[in-house]
Amino acid sequence: LLPYRPGTLLGSDPRLLTAPVLRRLGETAAKVTAALDGFDHPGAHRQSFIWDLAQCLDLRPLLPSLPEERRAAIGAVLDEFESRVLPLSPQLPLAVVHGDINDQNVLIDEAAGAI
């Protein structure tokens, strides 16, 4: 993360993961999603982009590199995506989203109560 941004990394202290903070995080994620509504960019239409959830099946060849205890669970998720979501994909809306909001890339300003 950028060291010159004020705040504390949300994942740096489990005590920061309180219900009010998680609620604010969800609200912030919703605002980002709303702000991106209708946004388009050529980069959003790349043929091979590992972070595009619609292309998650491209990750299947990487399964052998995962620890054995995770391989089956992630393989099952990919199987379910392939059998349940992929057939419906032509009818599903597409949008640019921030799909990586997590405790390791979110800063919190405890004093201001801001995310």
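The values are calculated or read from the model by the stated rules, or taken from the named source; none is laboratory data. Fair warning: this is a prediction, and the values are worked out from it, not measured in the lab. Counting neighbours? That spans all protein chains shown, and the Cβs are built from the backbone with ideal geometry, glycine included. In case anyone asks, the SASA skips ligands and DNA or RNA and just uses the protein heavy atoms, side chains included. Shrake-Rupley method; radii C 1.70, N 1.55, O 1.52, S 1.80 Å.
Looking only at region 6-23, residues that are open to solvent by less than 70 Å² (accessible area, probe 1.4 Å) and touching a strand residue (DSSP E or B) at 6+ places or on another chain (Cβ under 9 Å) come to 6 in all. Taken over region 52-73, residues that are open to solvent by 100 Å² or more (accessible area, probe 1.4 Å), of a type outside the set (A, V, I, L, M, F, W, C) and within 16 Å of the chain's Cα centre (by Cα) amount to 0. Being outside any helix (DSSP H, G or I) and surrounded by 12 or more Cβ atoms within 10 Å (Cβ to Cβ) narrows it down to one of Phe49, Phe81, Phe39, so name that one. Just a single option satisfies the conditions, and that option is Phe49. Could you tell me which of the residues Ala30, Ala44 is modelled with pLDDT of 90 or more and either surrounded by 10 or more Cβ atoms within 10 Å (Cβ to Cβ) or in contact with a strand residue (DSSP E or B) (Cβ under 6 Å, 6 or more places away or on another chain) (or both)? Just a single option satisfies the conditions, and that option is Ala30.
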